Amino acid sequence: MGLSNKFKDLESYSEVLSDGYQLLPFAFHKISPDKYIATNIVGEYLTVSRDTLKLLVNGTLLPSHPIYNDAKSKHFIMDRDSDTALDLLALKYRTKQHPISEFTGLHIFVVSLRCDYTCKYCQVSRKMEDVDKFDMSEETARKAVALAFESPSKSIKIEFQGGEPLLNFPIIKFIVSESLTLNIKENRVLQFVITSNLTFLSEEVLAFCKLHNIYISTSLDGPESIHNKNRPRPNKDGYQKTIDGIRAVQSELGKDRIAALMTTTSESLSNLEGIVDEYVQNDLHAIFLRPLSPYGFAIKTKQVEKYNVDKWSNFFKQGLEYIIKLNRAGYFLREQYTSIILTKILTPTDPKYVDLQSPSGIGISAVVYNYDGDVYASDEARMLKEMGDEKFKLGNVHTDDYIELFSSDILLDTLEESIAESAPMCSDCGLITYCGSDPVYHYATQGDVVGKKPLSFYCKKNTSIIEHIFELLEDPGSRKVLESWVL
Amino acid sequence: MIKLHSNKNIITSSSDAPLILKITKKYDLPKILRSKRALLVDSVTDINAYDGFDMVISRNKLDSKVHNVAYLSDDLNYLDEGDIVRVTPNSSDIRVLYRVNASANFLFVTERCNSFCIMCSQPPRDVNDGHLVEELIEAVSLIDIGERELGITGGEPTLLGDRFFALLQAIKSNLPTTSIHVLTNGRTFADPLLAKQISEIDHYDLMLGIPLYSDVSHIHDFVVQADGAFDETIRGILNLKRHSQKVEIRVVLHKQTYDRLPQLAEFIGRNLQFVDHVALMGLEITGFTRANLEELWIDPLEYMDKLSEAVEILARFKIHTSIYNLQRCLLPRHLWGIAVKSISDWKNKYYEECDNCAEKHNCGGFFASSDIKRSDNIAAIK
């Protein structure tokens, strides 16, 4: 038995392993009393018991241990038999961090602050419809487009926001046309998105969107009662207008051209299945379960105080459970926030989501050009401004050039402080590679861009969601669904 | 099934040196084109008509004592217009180097190898066989333009150094539209200069097929019986991709490799996602595999779950994956779409069970060597 005597057996090729191993950088996080997740800087992970973790960390894990080869393969340890681990880790780290080198890809244009809705959680603090001074002018638009194209990013996504951007449709057409003209020479991958409540979705708008492959993003908070309660419109017809708009986009532009997201109010908490069902009923295949953000009217109307992080997490987990159940029953529905985190866990790449990056994506992943030409480091930064705080204003398109805006002290200082790897309690967190930092949020809630993590909704929310995703990944049925959500 | 080699020919020749000859049946070929050509005839008749051909190859033997005639052994009766052979007169030896009608043509460039894989189908020998590549360079110049693909195999082709690159260059110069598929263990490309050198050939479709048998070094090194091979292969792949060369990862499935197949798939996805193709290949029962059969054989049905999982993982990483050498009746239906008819025609066969199989025409069948060992679960699909 055994190999013919010309050959040596596996043991003789494994002898050098008994010399021990070296630890490569990793951290760990307890997800249940005897279960730990060990994670490395490139997002690979091992699920281990406390005892195994002890062996691993103490350098006493034997080559015969079932986890040894996994730890070696995923570059948690390096033995004397191979020294490619560092090359491969470096390669993977470069791949994960690559989006940073692309610089700003998402350019948000607030083309009007006017809106026909009076949402009680509005994060922007909308203005009445008939006030023309809250619209972006052609001169401002032209300068903002020129700035967008100064970004080195190979792909440029221009997102129209408000207020309700369709209230200033002429400037949308102007910006699209300016961008397309510039792009003849620039040759970037150019994409447009209109974030709209769909009230003013006319034939003209649809035809324009069809012509230029423009994507539509909208808000759908759930069934009629919840949607209209969360998002009141003077005529009380917001829900119907939204649904009509979704249908029109689906039939005129295609199912893949529209995405909806929901904001969770205290009313939403008890209506979870109804909210998700609303998405299924309207043939939508992605949903974004979002908590309230502490900006604008959400604070004035004390909406944010109505539920705490535990309530939110439970809502999210139950939502996920129901969404997975629908998937297993044959209806593909992706929860977007989970998708972003899963992509960080299960692939070598990073989805470049502004709020889940380290350093933060403010300014370097996304930037906001406000209707008046002011430039903000993120959507939340201009929400903060509407509350009277200009902390994260980078400058103005009429007075500052690209270099001044993107090397402004406020941006560079904030980015530096937003590197989670050097932030207290983040630096040694086992979930750091799947998380990120949100300096604007922490400044808004704690007056400090780094923030104290034990008091942070952001930290608690992400910790609990990521822990939960790992639990779901342990179950083969759920795992299969989650794998299909990877971006 | 056909044989590519016979030493049962009767050859009369004025030369002892091996001749590289292209077969033709065109007896009226202009004289200026007759050099390096062998005229294939059914029987030797009018000697004068053969003037200018380097050799006459006859399917039937006659008693006439003419020079430069090879009487073909029955094994090689299939030879046809455009095929290229090496004739070694003093050993009655004819080897077929290239067949127009082959499903795939592989140029066998050396028997030497720096690995010693436990399942090697072509056990290496440390011989001085530098003449092989020179003959093949000559043969390449005789192949008709338009050939779809040529394989290069060994031994380890890159051990030929500059002559390996000369062969690639010869193929590119003579056959500019022909794809090249090199089977190499990739170890020599750990030297960045060699990776650069192959990129400088600047071939439009050259793929390097490189085996990787495990996600951990000690198991890979054991399978290829060479310490340090894993590291060299990994560095080789990285260097080749740095120079934008096409790389295929080849995994032979057997008792020593199947267990960590999903982990290997994950490793490839995480570390080498940029490779162009992954081939997961059933075992050929030949060469060293026969000597080590006990340690290598596992019924494919027993590793099917692992294989299935590995394929799913590779798909998740969006890596183009194929399954070679496994029969449809062993594969779950969802894997049929990536199961390729991969076995070269000259060693491809089917068994009795296959006669009534509805999928036979889609199935890659067996290696001839499966006579020695094949799955117990072969059964016709209705």
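All of the numbers you see were taken from the coordinates with simple rules; none came from a lab. Keep in mind that this is a model prediction, so the values were computed, not measured. Every residue, glycine as well, gets a Cβ built from its backbone with ideal geometry; the counts of neighbours run over all protein chains shown.
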Grab segment A:20-97 and count how many Lys pairs have their alpha-carbon atoms under 21 Å apart, sequence gap of 8 or more, or different chains.
11
Under Karplus coefficients 6.51, -1.76 and 1.60, residue-wise ³J(HN,Hα) of segment A:266-272 in Hz, glycine/proline x
4, 5, 5, 3, 8, 10, 3
Per GNM of chain B with C-alpha springs under 10 angstrom, the most fluctuating residue out of B:Thr45, B:Thr233, B:Thr321 is B:Thr45
Within segment B:12-50, which residues have the backbone N less than 14 Å from the label spot 7 Å out from B:Arg59 along Cα→beta-carbon, could you tell me?
B:24-26, B:40-44
When a/c is below 1.5 the answer is rounded, else prolate if a/b is larger than b/c, else oblate, so apply that to the protein assembly as shown with a ≥ b ≥ c taken from the square roots of the Cα gyration tensor eigenvalues.
prolate
The long-range amide H neighbours of B:Gln122, using H built 1.01 Å from N in the peptide plane and a cut-off of under 5 Å, are B:Phe288
Nearby aspartates and glutamates by direct alpha-carbon distance to A:Lys236 (threshold 20 angstrom, same-chain neighbours under 8 apart not counted):
A:Asp116, A:Glu129, A:Asp130, A:Glu164, A:Asp221, A:Glu224, A:Asp244, A:Glu267, A:Glu278
For a quick check of your reading of the filter: which chymotrypsin sites (Phe, Trp or Tyr not before Pro) in segment B:201-250 sit in a DSSP loop and have no more than 12 other Cβ atoms within 10 Å?
B:Tyr204
Going by the alpha-carbon gyration tensor, a ≥ b ≥ c the square roots of its eigenvalues, is segment B:5-96 rounded (a/c under 1.5) or, if a/c is not under 1.5, prolate (a/b greater than b/c) versus oblate?
rounded
Going residue by residue through segment B:45-57, the Karplus relation 6.51 cos²θ - 1.76 cosθ + 1.60 with θ = phi - 60° gives ³J(HN,Hα) values, rounded to whole Hz and with x marking Gly or Pro, of 10, 7, 4, 5, 5, 8, 4, x, 6, 6, 6, 10, 10
Net charge (Lys, Arg +1; Asp, Glu -1) of residues whose beta-carbon lies under 15 Å from that of B:Phe164, B:Phe164 excluded, is -3
For chain B: relative contact order, % (alpha-carbon pairs under 8 angstrom, 6 or more apart):
12
Just in segment B:45-103: which trypsin sites (Lys or Arg not before Pro) are loop by DSSP and have at most 12 other Cβ atoms within 10 Å?
B:Lys65
Post the alpha-carbon centroid distance, segment A:328-349 to segment B:238-280, in whole angstrom.
25
Using 0.36 nm per residue, how much length does the chain from A:His212 to A:Glu471 gain when fully extended, once their Cα-Cα distance is taken away?
89.0 nm
Counting other Cβ atoms within 10 Å, keep those with at most 15, restrict to DSSP loop, and tell me which trypsin sites (Lys or Arg not before Pro) in segment B:275-344 are left.
B:Lys318, B:Lys341
Estimated 222 nm signal from helices in chain A, with DSSP H stretches of n ≥ 4 weighted -39500 (n - 2.57), rounded to 500:
-12000 deg cm²/dmol
By the gyration tensor of its Cα atoms, with a ≥ b ≥ c the square roots of the eigenvalues, what is the shape of segment A:20-97: rounded for a/c under 1.5, prolate for a/b over b/c, or oblate?
oblate
For segment A:170-185, in order, what is each residue's ³J(HN,Hα) by Karplus, 6.51 cos²θ - 1.76 cosθ + 1.60 with θ = phi - 60°, in whole Hz (x at glycine and Pro)?
x, 6, 4, 4, 4, 5, 4, 5, 4, 5, 5, 5, 4, 6, 4, 8
I want the antiparallel fraction of DSSP beta bridges within the protein assembly as shown, as a percent rounded to 5.
35
Over the Cα atoms of segment B:105-371, compute the convex hull volume and normalise it per residue, giving Å³.
129
Lysines within cross-link reach of A:Lys210: Cα-Cα under 28 Å, excluding same-chain residues under 8 positions apart?
A:Lys143, A:Lys154, A:Lys157, A:Lys173, A:Lys185, A:Lys241, A:Lys255, A:Lys352
Among the lysines, which fall within straight-line cross-link reach of B:Lys349, defined as a Cα-Cα distance under 26 Å, with same-chain neighbours fewer than 8 residues apart omitted?
B:Lys3, B:Lys8, B:Lys255, B:Lys341, B:Lys360, B:Lys373, B:Lys382
How many angstrom lie between the Cα centre of segment B:286-301 and the Cα centre of segment B:118-182?
28
For segment B:105-371, what is the percent of antiparallel DSSP beta bridges, rounded to the nearest 5?
5
Mind giving me the FRET efficiency for A:Glu252 and A:Lys173? R0 is 22 Å, r the Cβ-Cβ distance, nearest 0.05 is fine.
0.80
Would you grab the residues whose amide H sits under 5 Å from the one on A:Asp374? Only those 5+ places off in sequence or on another chain, please, with H modelled 1.01 Å from N.
A:Val397
Any chance you could run the full-extension gain for B:Asn128 through B:Lys373? It's 0.36 nm times the residue separation minus the Cα-Cα distance, nm to one decimal.
84.8 nm
